[in-house]
Amino acid sequence: QVQLVESGGGLVQAGGSLRLSCADSGRTFSGYHMGWFRQAPGKEREFVAAISWEGVTTFYADSVKGRFTISRENAKNTVYLQMNSLKPEDTAVYSCAADRVYFGKQARYNLWGQGTQVTVSS
């Protein structure tokens with residue numbers, strides 16, 4: 001069973017960078033498509049980025065394209081979200097998600113982590 005744990009969140013000034021990690025404490029990881037989502041206070045959860053199980057295909061929300069990069073190291077059971085040029089509107093709880101079948105922008109992934117807070121000050 002995959003168990004997802006996010007880390008790397010924190011407080012950063014606008015223009016700064018953070019790298020989020022999503023680690024899998026279960027036994028299988030490489031067969032799962034992975035996604036990052038975020039939810040700001042009072043707003044709906046929104047898609048951020050996704051990566052296919054083998055790491056070949058990635059796609060991003062328009063709001064983060066060119067600033068964020070998703071990657072994975074299956075040997076380390078970890079997915080990363082490198083966030084550069086952060087803006088105050090990027091402030092949210094960021095959660096990773098996994099699914100063996102679904103690979104897309106909707107929150108239809110089967111497994112979710114608890115999330116990590118990212119706060120960007122102006």
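The values are calculated or read from the model by the stated rules, or taken from the named source; none is laboratory data. Everything numeric in this text was worked out from a predicted model, so none of it was measured. Heavy atoms of the whole protein, side chains included, go into the accessibility calculation; ligands, DNA and RNA do not. Shrake-Rupley method; radii C 1.70, N 1.55, O 1.52, S 1.80 Å.
Structure data summary
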{"read-out": "Residues of the range 94-122 that turn out to be under 10 Å from the mean Cα position of the chain (by Cα) and either open to solvent by 50 Å² or more (accessible area, probe 1.4 Å) or more than 21 Å from residue 3 (Cα to Cα) (or both), as a count", "value": "0"}
{"read-out": "Segments classed as strands (runs of 3 or more DSSP E), wholly inside the range 10-82, with at least 2 members that are open to solvent by 20 Å² or more (accessible area, probe 1.4 Å) and among the aromatic types (Phe, Trp, Tyr)", "value": "58-60"}
